[in-house]
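The values are calculated or read from the model by the stated rules, or taken from the named source; none is laboratory data. None of these values were measured; they are calculated from a predicted model. With ideal geometry, Cβ positions are generated from the backbone for all residues, glycine too; neighbour counts draw on all protein chains shown.
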């Protein structure tokens with residue numbers, strides 16, 4: 001089955017447990033439609049570049065999935081209808097990277113930038 005990565009932004013006034021509950025809910029939607037949630041990460045509350053629905057911050061979540069296109073479409077449809085979800089981005093990938101995403105890595109562990117001269 002195809003591999004996908006999703007980033008979801010939920011409203012800032014949710015608690016951390018409610019935001020993580022959204023991840024579990026949409027993972028269950030995937031499994032009901034024959035897909036599988038490979039990995040999930042909760043990135044926490046982050047400040048956005050611009051306001052979305054009068055919110056300056058949002059709960060960011062990252063999902064790695066292995067599911068058919070029909071299961072992904074159903075999950076995205078339900079995400080867009082859910083009142084607590086503000087934005088969703090889905091990308092089809094060839095392979096999932098091992099380990100934590102760049103957002104979860106410590107600054108020292110990331111590839112060092114080129115030094116300026």
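Data for the structure
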quantity: Test result for residue 72, at pLDDT 90 or above, touching a strand residue (DSSP E or B) at 6+ places or on another chain (Cβ under 9 Å) and surrounded by 11 or more Cβ atoms within 10 Å (Cβ to Cβ); calculated: yes
quantity: Among (1) free of Cβ contacts under 8 Å to residues at least 12 places away in the same chain; (2) crowded, with 16+ Cβ neighbours inside 10 Å, the one test that residue 31 misses; calculated: (2)
quantity: Matching option when the condition is surrounded by 14 or more Cβ atoms within 10 Å (Cβ to Cβ), over 19 Å from residue 78 (Cα atoms) and either in contact with a strand residue (DSSP E or B) (Cβ under 9 Å, 6 or more places away or on another chain) or modelled with pLDDT under 90 (or both), among 38, 7; calculated: 38
